[in-house]
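Below is one structure, written out as structure tokens; comments come after it.
What follows is calculated from the coordinates using simple rules that are stated; it is not laboratory data. Everything numeric in this text was worked out from a predicted model, so none of it was measured. When we count neighbours, we look across all protein chains shown, and the Cβ atoms used for this are built from the backbone with ideal geometry, even at glycine.
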Amino acid sequence: MSRVSHPMRISPSFPLLNPQAVHVWFCELVHYTGRQDSLAAQLSDDERVRAARFAFERDRQRFILSHGVLRLLLSRYTQMDAGEIQFVTGEHGKPAVSGPSGAAAGIQFSLSHSGAYALVAVAHGRDVGVDIEVPKADLECLKLAERFFAPAESQAIAKVHGEEQQRLFYRLWTAKEAYLKGRGVGLSLGLDRFAIVFDEPSSGARVRLTDSRTFDQTWQIQSLSLPDHLAGAVAVEGGGCELHRYETTAFIRD
């Protein structure tokens with residue numbers, strides 16, 4: 001099926017990606033609702049099928065908008081038309097840009113969307129994972145942590161209460177999700193098989209493997225400061241990372 005050109009304007013001063021940099025894009029999907037049809041036209045047949053599976057129109061719309069904006073971002077990094085970008089998936093479903101050569105070579109990305117928000121992380125030559133969550137006030141944080149998290153994490157959550165408990169739970173949750181997505185293993189690893197250890201007072205964290213009690217030196221994790229009480233984190237393979245955060249509206253406009 002042919003793709004149509006996207007009418008959105010993208011700023012010419014798009015940031016350059018070097019091997020040391022990781023770009024994290026924050027997106028408020030409401031800014032792109034007026035372009036849903038043109039964004040949907042950029043999606044692959046598989047993405048359209050996935051979008052059609054949502055029972056509620058709101059969820060279908062958010063899927064289309066987040067995946068459409070992802071394609072627009074990747075089109076600038078890969079110098080490919082947004083509608084022509086093809087993806088391949090790993091054993092546990094982690095997507096990657098298809099194409100062994102050209103500008104697409106080495107580009108790694110991760111997409112997460114929750115509610116009306118999305119995060120996209122892009123790196124070159126290193127794996128990356130990202131997660132964003134809209135906190136739920138009625139979530140039983142301690143019960144979930146005791147059931148799914150490593151013992152040290154659930155014990156830390158049990159020591160705090162109220163809003164502080166919720167913030168810690170989501171800080172841990174997003175860090176763990178970002179790590180799993182970065183490694184491309186999904187929940188097959190098990191959330192209790194590793195613990196997040198924050199390097200206070202910084203926003204950085206390390207991953208301690210439960211079985212060996214050693215740290216996974218291959219990965220570094222950063223909690224993200226996001227608006228509207230959102231929780232988010234990015235996991236990056238390797239060291240020497242320079243993290244840059246951008247708003248999509250600064251570069252992708254109607």
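Computed from point charges on the beta carbon alone (+1 for Lys and Arg, -1 for Asp and Glu), the dipole magnitude for segment 133-235 about its Cα centre is near 300 Debye.
To the nearest 10 degrees, how steeply does helix 57-78 sit against the main Cα axis of the chain, on a 0 to 90 scale? For helix 57-78, the angle is close to 70 degrees. Only the Cβ atoms of Lys and Arg (+1) and of Asp and Glu (-1) were treated as charged; on that basis the dipole of the chain about its Cα centre amounts to roughly 220 debye.
Just checking the listed ones, Ser44, Ser13, Ser223: in the Gaussian network model of the chain with Cα springs under 10 Å, the one fluctuating most is Ser13. Placing pseudo-labels 7 Å out from each Cα toward the beta carbon at Leu189 and Glu242 gives an inter-label distance of 2.7 nm.
Look at the alpha carbon pairs under 8 Å that are at least 6 residues apart: their mean separation over the length of the chain gives a relative contact order of 24 percent.
For the chain, the 222 nm mean residue ellipticity estimated from helices alone, with every DSSP H stretch of n ≥ 4 adding -39500 (n - 2.57) and the total spread over all residues, rounds to -9000 deg cm²/dmol. Distance between the 7 Å Cα→Cβ label points at Ser225 and Glu28: 1.8 nm.
Projecting label points 7 angstrom from Cα along Cα→Cβ for Gln217 and Arg58 puts them 4.8 nm apart. Nearest 10 degrees, 0 to 90: what angle lies between the long axis of helix 162-183 and the longest principal axis of the chain (Cα atoms)? Helix 162-183 sits roughly 60 degrees off the main axis of the chain. Positive end of the dipole of the chain (Cβ unit charges, origin at the Cα centre): among Ile107, His229, Ala178, the Cα lying farthest that way belongs to Ile107.
For a paramagnetic label modelled on Ala96 (point 7 Å from Cα along Cα→Cβ), amide N atoms under 14 Å away belong, within segment 215-242, to 237.
Straight-distance candidates among the lysines for linking to Lys136, with alpha-carbon spacing under 19 Å and chain neighbours fewer than 8 residues away dropped: Lys176.
For Lys143 and Ala105, what does the FRET efficiency come to when R0 = 35 Å and r is the distance between their Cβ atoms, rounded to the nearest 0.05?
So the FRET efficiency works out to roughly 0.15.
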